[in-house]
1. Can you tell me what the convex hull of the Cα atoms of segment 88-235 projects to on average, as an area in nm²?
2. Take every Cα pair under 8 Å in the chain that's 6+ residues apart, average their separations, divide by the length, and report that relative contact order as a whole percent.
3. Would you be so kind as to identify which of VAL373, ALA12, HIS264 lies farthest towards the positive end of the dipole of the chain, taking Lys and Arg as +1 and Asp and Glu as -1 on Cβ and the Cα centre as origin?
4. What whole-number distance in Å separates the alpha-carbon centres of segment 320-362 and segment 92-152?
5. Write down the Å³ per residue value for the convex hull defined by the alpha carbon atoms of the chain.
6. Between segment 212-288 and segment 1-61, how many Å separate their Cα centres?
7. Highest mean first, how do 182-193, 121-132, 84-95, 29-40 rank when packing is the count of other Cβ atoms within 10 Å averaged over residues?
8. What fraction of the DSSP beta bridges in segment 239-392 is antiparallel, stated in percent and rounded to the nearest 5?
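No value in this document is a laboratory result; all are computed from the given coordinates. Everything numeric in this text was worked out from a predicted model, so none of it was measured. With ideal geometry, Cβ positions are generated from the backbone for all residues, glycine too; neighbour counts draw on all protein chains shown.
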Amino acid sequence: MNWQDKGQATAAIRAGEPRSDQGEHAEALYLTSSFVFDSAAQAAARFSGDEAGNVYSRYTNPTVATFEQRLALMEGTARTVGTSSGMAAILSTCMALLEAGDHIIASRSIFGSTTVLFNKYMQKFGVDITYVDLTDLGAWKSAVTARTRLLFAETPSNPLNEVADISQLAQIAHDAGAWLAIDNCFCTPALQRPVDFGADLVIHSATKFIDGQGRAMGGAVCGSDELVEEVVGFLRSAGPTMSPFNAWVFLKGLETLKLRMQAHCDSAEELAHWLKEQPAVTQVHYCGLPEHPGYALAGKQQSGFGGVLSFVVKGGQRAAWHVIDETEFLSITANLGDAKTTVTHPATTTHGRLSDEDKARSGIEDGLIRVAVGLEDIADIKADLRRGLSTL
Ligand SMILES: Cc1ncc(COP(=O)(O)O)c(C=O)c1O
């Protein structure tokens, strides 16, 4: 079957060869660490690569392979490899593609652990990093050096929903002889396919919307055969590969991804408009609002505005904590991309380690609250937030 000719939802549900000779309807879960051979000669042929087939689950596993095949089809990339977490995907990409003396340009608004990985570990191995504002294309251009090998960005950004121009970043990267990697965790391929705009690599934390129900950790790197083969080589030697059980969970997640993302987007959009009308709210950051600076670009790059937004309340940290603490069922947690709505105070959690100057520069105000809108009834989500907002 040529799944490339089919729609994205069909590929997400059907692609691959997941059936064993038992004919099960749900994808088979190959929960095994190793595979046996018919003979010593076959073992030798598998190990040497003369015969295709599985050897050991750190190298290949059929359940993981089905997940990889489906995500590659959804992202429109030649190949995808699964990893044990989103951070393992970013680490493996850097370890496989960079060497001492190389230079990364990254957006200032990337996930906190990615910043730690770059600053503490990549720099330890002689890779330099320059941070720039996500939407300042001039700053990306000026940061390029003869050693720049990788441009790294998340779009839309967390938690302010700033939108990067992927085509322009790809142009800057390619003019510099570098790759552009986009962390597509907020949108997933259901809303945005970065390679359609020239990105070379797409990185996922499957832990978020791909799972969608907060059950399993995982990640993925999607790109050309050549680039992903390098990442696969690192993963096989170093080991942060995706577990077959988690791949099975993510396969179930992919089946409903398109539908869920649409529901996340619809509710987030409604919540953003409602928040704007609340007297205690001074600003709403959602790229689906026409007044948001990234609105037009998001409309071009994304087929939906996403399920994560943030807003600022009058009264700083005290007021923000009040709104969060007055909720009855929203989950107070830093995670996102779950059927359960989550609420976070970035200034004292996800962005708590930033200096006051960096917080001010990144728009992480004390009154800022992030909501990753889940799939509960939107009227109930509003009511849970209204309790605190109306008593400020
Ligand atoms: C945008 C983004 N990228 C990467 C990660 C890391 O993913 P994981 O927690 O699966 O390692 C996260 C996790 O929170 C994230 O929000």
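1. Spelled out: convex hull of the Cα atoms, projected over all directions, averaged, 8.2 nm².
2. Value for the chain: 16 percent.
3. VAL373
4. One Cα centre to the other: 26 Å.
5. Residue-normalised Cα hull volume stands at 141 Å³.
6. 25 Å
7. Ranking, from highest mean packing down: 182-193, 84-95, 121-132, 29-40.
8. 85 percent
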